[in-house]
1. Is there a residue in the range 24-41 that is at pLDDT below 95, closer than 16 Å to residue 156 by Cβ and not in a strand (DSSP E or B)?
2. Against the definition (within 17 Å of the chain's Cα centre (by Cα), within 21 Å of residue 75 (Cα to Cα), open to solvent by less than 50 Å² (accessible area, probe 1.4 Å) and of a type outside the set (Ser, Thr, Tyr)), how does residue 41 come out, yes or no?
3. Can you tell me which residue within the range 51-80, out of those that are assigned to a loop (DSSP other than H, G, I, E, B) and under 24 Å from residue 172 (Cα atoms), is most open to solvent (accessible area, probe 1.4 Å)?
4. Which one of these is farther than 25 Å from residue 26 by Cα, in contact with a helix residue (DSSP H, G or I) (Cβ under 8 Å, 6 or more places away or on another chain), at pLDDT 90 or above and not acidic (Asp, Glu): 169, 101?
5. Condition check: at negative phi, open to solvent by less than 60 Å² (accessible area, probe 1.4 Å) and either at pLDDT below 95 or out of contact with any Gly (no Cβ under 6 Å at 6 or more places or on another chain) (or both). Does residue 146 satisfy that?
6. Given the conditions (1) of a type in the set (D, E, K, R); (2) farther than 21 Å from residue 40 by Cα; (3) at pLDDT 65 or above; (4) in contact with an Asp or Glu (Cβ under 7 Å, 6 or more places away or on another chain), report the number of the one that residue 122 does not fulfil.
7. Taking the stated definitions as given, is residue 30 open to solvent by less than 10 Å² (accessible area, probe 1.4 Å) and within 23 Å of residue 161 (Cα to Cα)?
8. List pairs: first in the range 176-191 and over 17 Å from residue 103 (Cα atoms) and modelled with pLDDT of 90 or more, second aliphatic (A, V, I, L, M) and open to solvent by less than 60 Å² (accessible area, probe 1.4 Å), Cβ under 6 Å, 6+ apart or cross-chain?
Amino acid sequence: MTSPVLSVCVPVFNETENLEPLIREIVAALEGRLAYEIVYANDGSTDGTLAALVTLKVKYPHLRVVTQTRSGQSFAVRSAVQAAKSEWIATLDGDGQNDPPDIMNLCERAHQGGVDLVGGLRLKRQDNLGKRISTKIGNGVRQFILRDGCRDTGCGLKVFRRAAFLDIPSFAAMHRFLPALFQMRGYKTGF
C-alpha cells in the first residue's frame, strides 16, 4: 500500500452495527482520490466491536485497529492519531452521524486556506429536539467564553495536521475544545 496522505481516525465504543457501513462509506468517498488509511480506536468496547474490527481488517486492507482500555473519546482519538502514518488526519464519530464524502471538502478547505484544522458543522442533526436545543445552548455558552469561531464543537468531522494535534495538551473531553486549543498554540483554524 502507498504511504497514506490522509489517516481517517474513528474512535468507537460498542458500535458493532455501525462499523462496516461507515467503513464502506469512507472507502467510497476516498478510493481513487488519494492514498489513505483508516484507523479505528476501540475504546474498550464490551460488545463484539473488537472482534468485528479484526474480521473487517481482512476485507478492508486500508483498515488498522488500535485498542485501549475504556478511557473516553478524547483518548481514543489521541490513540488513533498517534498510530496514524500520515501528516493529515480526518476524524469521524463512529455512530455514522458524519458524512464521509465531506472529508474531501474539509481537506480542500485546509489546503486552500492554509489552515491547520478545519472543523465540520452539522447542518442536518439526527437528534431529538431536546438534544438539539441543549446543544445549541451549550455551543452558545462555549463560544461566548472561548471565542474560537466554532459554532458546533460536537461535530466529530474534522481535518487537521497530525503534528499540530500532538502538540496540544491531552485531557478528557479535549475533543470538544480542539479549535480553541489549536488557536492557543498559534495554529490557524477554519470551519
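1. Scanning the range 24-41, I find no residue that is at pLDDT below 95, closer than 16 Å to residue 156 by Cβ and not in a strand (DSSP E or B), so the answer is no.
2. Values: within 17 Å of the chain's Cα centre (by Cα): yes; within 21 Å of residue 75 (Cα to Cα): yes; open to solvent by less than 50 Å² (accessible area, probe 1.4 Å): yes; of a type outside the set (Ser, Thr, Tyr): yes.
Answer is yes for this residue.
3. Narrowing the range 51-80 to residues assigned to a loop (DSSP other than H, G, I, E, B): 60-62, 69-72.
With under 24 Å from residue 172 (Cα atoms) added as a condition, the list becomes 69-72.
Details: 69: 111, 70: 135, 71: 54, 72: 21 Å².
Applying the filter and picking the extreme gives 70.
4. Numbers: 101 fails: farther than 25 Å from residue 26 by Cα.
Criteria check complete, one pass: 169.
5. Details: at negative phi: yes; open to solvent by less than 60 Å² (accessible area, probe 1.4 Å): no; either at pLDDT below 95 or out of contact with any Gly (no Cβ under 6 Å at 6 or more places or on another chain) (or both): yes.
Considered against the rule, which asks whether it is at negative phi, open to solvent by less than 60 Å² (accessible area, probe 1.4 Å) and either at pLDDT below 95 or out of contact with any Gly (no Cβ under 6 Å at 6 or more places or on another chain) (or both), residue 146 comes out as no.
6. (3)
7. Numbers: open to solvent by less than 10 Å² (accessible area, probe 1.4 Å): yes; within 23 Å of residue 161 (Cα to Cα): yes.
Yes: the conditions hold for residue 30.
8. Listed pairs, sorted by first residue: 181/168; 182/117; 185/168; 187/164; 188/115.
The values are calculated or read from the model by the stated rules, or taken from the named source; none is laboratory data. From a predicted model like this one, the values you see are computed outputs, not experimental measurements. Because the Cβ atoms are built from the backbone with ideal geometry, glycine has one as well, and the counts that use them run over all protein chains shown. Surface accessibility is based on the protein's heavy atoms, side chains included, excluding ligands, DNA and RNA. Shrake-Rupley method; radii C 1.70, N 1.55, O 1.52, S 1.80 Å.
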